[in-house]
Structures are given as C-alpha cells and as structure tokens.
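Rule-based calculations on the coordinates, nothing more; no lab input. Everything numeric in this text was worked out from a predicted model, so none of it was measured. With ideal geometry, Cβ positions are generated from the backbone for all residues, glycine too; neighbour counts draw on all protein chains shown.
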Amino acid sequence: MLLADASCCEFPNEWRPNASALVAVRCEGNYEQAHLACSESGTMAREELEREDLLREATGLVDRMEVTVPWLDEPLVWGFRRNGAPSFFLGQNEVYQFTSDGEFRRGYLAGRLLKAEEGRMVFLHRERTDENTFLVRTEMDDAEHAAILQQMAEQLSRIQTSLERTDFQEVGRVQSQSVDVVSDTVKWLRELQHPIQVANSPRVR
C-alpha cells in the first residue's frame, strides 16, 4: 500500500520517519534519539547525532539512562517521558516505544519502521522518486506479528534481568531528584502485560 508523501505521512504531526540509522528527533522543543525524525514546516529532519550525544540530547525523555550490557554489542539507552511513556533503544537497529499504559506504539527493527494501528503492528518503509518520498505500508501476517512481539518481550526481559542483577556498566544518566531510573524501570517491566499489547495508534499518551 502506497501512502502519501512522507512530509505529510500518517505519523502524528510532530513525527516523521527518517531512513537514517540514528537521527535527532525534535518534538515540541524536546529531542529524543530514535530512528524516527520529526518534521518542522513539513520537511524531514535529517540532523545526525554522534553516539556520545545521545544521552545529552534525548531531552524528550526526562528521566533516562545509558548503559552497556554483556548481551548487547552497542549501548542500551532508555527513558521515560513526563507522562511515564518509556522508550528503549537497543543500539542503532532496535527501538521499542510504549504508551504510558504499557502498549507498544512505535519502533524500529532490522531497518524497518514499526507502527501501531488498531491494535496491530504494521511495517512502514520509504521509497523515493525524483520528486517525492513515499511511505509504503505493509501488513504483517499473524506469525510475523507474533514473532516480533516475542522478540520484543525477550529483549525487555533481558533488560529487566540485567537491571535486577546489576549486570551492567553505567555510562550516564539524567534523572529528577526524586527518581531512580533503574528501580522505576524494573517496576515498569515487572508490571508490563504479557503478551505485550499493541496500541490503536502510534501517538504518545
């Protein structure tokens, strides 16, 4: 299915997909490191960030942390928005973002965007012409949908185990005075519903 030009795609207005592996995301004055980029005045943001800037620039996640773990070759970064909605960035090629209710809403996996739509995930990828960039939407079959949710659950379980066992090396954190990112994350992961539920849309709530 071919969607509209990517500058007016069906992501929420503050977000626009970007094919770059690692981009700066600016949303209402905040930056969040992701494989998705927001648009200002209808054009795609293309600002690349160095890896070391990730923790500093991801101000959309008001409480956030970066660590290294034995089972992941790249840094693990995660955090929570003001409304409690978390995002997890497992290196450059695996991103899972949730609502404050614990429903998956959007992500990135193996070079493909994932989007929540009416309680199911769909793929989005960009196709370019000489004049426009289009988003192509692809539905998943039940087996593929279940496999991705299973992978997501397994990766989040690994994060939980690493945090519970303090089997990680802290790189840095930004958190409010009354917040402990590690304990809050463990609590959120323990309370996450399984199987993981998919939101009706990718919007933050």
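Screening ARG106, ARG126, ARG137, ARG112 for residues that are closer than 27 Å to GLY60 by Cβ, in contact with a helix residue (DSSP H, G or I) (Cβ under 9 Å, 6 or more places away or on another chain) and not small (Gly, Ala, Ser) leaves exactly one candidate, ARG126.
Here the stretch 147-162 is the region considered, the condition is being among the hydrophobic types (A, V, I, L, M, F, W, C) and either touching a residue at least 24 places away in the same chain (Cβ under 8 Å) or outside any helix (DSSP H, G or I) (or both), and the residue that is nearest to LEU113 (Cα to Cα) is ILE148. Can you find even one residue in the stretch 102-111 that is on the phi < 0 side of the Ramachandran plot and surrounded by fewer than 17 Cβ atoms within 10 Å (Cβ to Cβ)? Among the residues of the stretch 102-111, not one is on the phi < 0 side of the Ramachandran plot and surrounded by fewer than 17 Cβ atoms within 10 Å (Cβ to Cβ), which makes the answer no. When THR99 is tested against (1) farther than 22 Å from LEU72 by Cβ; (2) surrounded by fewer than 18 Cβ atoms within 10 Å (Cβ to Cβ), just one condition goes unmet, and that condition is (2).
Taken residue by residue, the stretch 120-129 has at least one member that is out of contact with any strand residue (DSSP E or B) (no Cβ under 6 Å at 6 or more places or on another chain) and either without any contact (Cβ under 8 Å) to a residue 24 or more places away in the chain or farther than 16 Å from GLN193 by Cα (or both). Here is a check on your reading of the model: is ALA199 free of Cβ contacts under 8 Å to residues at least 24 places away in the same chain, surrounded by 12 or more Cβ atoms within 10 Å (Cβ to Cβ) and not hydroxyl-bearing (Ser, Thr, Tyr)? No: the conditions fail for ALA199.
When we screen ASP141, ASP167, ASP180 for residues that are over 19 Å from the mean Cα position of the chain (by Cα), loosely packed, with under 15 Cβ neighbours inside 10 Å and under 28 Å from ARG112 (Cα atoms), the only hit is ASP141.
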